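The values are calculated or read from the model by the stated rules, or taken from the named source; none is laboratory data. As the structure is a prediction and not an experimental result, all values here were calculated from the model. Virtual Cβ from ideal backbone geometry, glycine too; neighbours counted across all protein chains shown.
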Amino acid sequence: MRSEQEKKTSQKSVKMTQQEAEIIQQKANEKGVSFGRYMVDSAVKGDSNGNNPELMVEITDIANMAEEIAKQKNRRGMAELRRRVRSLWSRL
């Protein structure tokens, strides 16, 4: 039996595209949890890779700083830096 603090009393409705719903359902199935449990865990604890929104913002800031440095030192390296940043984001 859950304590008073653990009882789930709040309910929210979320709008998303069909594709987003399918992706979330697939990820929930992979983790063996319900759709709602997956959404709550992802929002509260971060995604399955241990990433959280704050970490992702920090990574973006670092990448932007690297881009500024690259602009000053080596214009040819910009395309590669952008490609690597996009690749990193796709894995997060």
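List the helices (runs of 4 or more DSSP H) that sit entirely inside the range 8-92 and contain at least 2 residues that are at pLDDT 90 or above.
Per the criteria, 18-31, 35-45.
List the pairs whose first member sits in the range 15-40 and is aliphatic (A, V, I, L, M), whose second member is surrounded by fewer than 11 Cβ atoms within 10 Å (Cβ to Cβ), and whose Cβ atoms are under 8 Å apart, counting only residues at least 6 apart or on separate chains?
Listed pairs, sorted by first residue: Met39/Val14.
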